[in-house]
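Q: Provided herewith is a single structure, encoded as structure tokens, for subsequent inquiry.
The values are calculated or read from the model by the stated rules, or taken from the named source; none is laboratory data. Being a predicted model, the structure only gives us computed values, none of them experimental. As a convention, Cβ positions derive from the backbone with ideal geometry for all residues, glycine included, and neighbour counts pool all protein chains shown.
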Amino acid sequence: MEQVFKEVAGYIALGVEASAALIIAYGAFQALYGSFRSIVEKRSQVGQRRDVWLNFGVWLLLGLEFELAADIVRTAISPTWNDIGQLAAIGVIRTFLNFFLEKDLEKYEIEQTEKVTTRSAAA
């Protein structure tokens with residue numbers, strides 16, 4: 001019975017990893033399209049590049065969360081100490097990446113909010 005649960009968990013993890021890959025690929029495509037569009041329209045301003053980066057960062061964060069979820073599902077059924085150690089290392093690395101990426105995104109959103117507020121007050 002345990003083997004059946006492990007096999008089902010493996011398929012679920014594979015599905016979640018495939019979803020993560022699609023999410024990241026979609027974000028990358030969207031970022032490439034936005035970059036290409038700003039180059040063609042000759043509007044390569046810092047604000048546009050940041051918008052592209054911000055959108056890609058959001059998709060990347062979501063993809064990383066899916067990847068971590070897949071790792072958790074994969075080790076959920078009777079993990080070995082080696083599995084737990086690997087999951088802990090992966091979790092720390094991905095959490096580290098998520099933390100700093102999210103911090104950068106929040107900083108950018110605060111800057112955008114301040115610019116909009118300043119423009120509204122000036123008008």
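Q: Take the residues in the range 12-45 that are assigned to a helix (DSSP H, G or I) and more than 22 Å from the chain's Cα centre (by Cα); name whichever of them is surrounded by the most Cβ atoms within 10 Å (Cβ to Cβ).
A: Here the residue is 38.
Q: Here is a follow-up. Of (1) at pLDDT below 85; (2) of a type in the set (Asp, Glu); (3) exposed (fewer than 14 other Cβ atoms within 10 Å of the Cβ), residue 51 satisfies all except one. Which?
A: Against the list (1) at pLDDT below 85; (2) of a type in the set (Asp, Glu); (3) exposed (fewer than 14 other Cβ atoms within 10 Å of the Cβ), residue 51 comes up short only on (3).
Q: Tally time: how many residues in the range 54-83 are without any contact (Cβ under 8 Å) to a residue 24 or more places away in the chain and under 16 Å from residue 13 (Cα atoms)?
A: Of the residues in the range 54-83, 4 are without any contact (Cβ under 8 Å) to a residue 24 or more places away in the chain and under 16 Å from residue 13 (Cα atoms).
Q: So which residues in the range 79-94 are out of contact with any Asp or Glu (no Cβ under 6 Å at 6 or more places or on another chain) and either closer than 25 Å to residue 3 by Cβ or surrounded by 14 or more Cβ atoms within 10 Å (Cβ to Cβ) (or both), if there are any at all?
A: 79, 80, 81, 82, 83, 84, 85, 86, 88, 94
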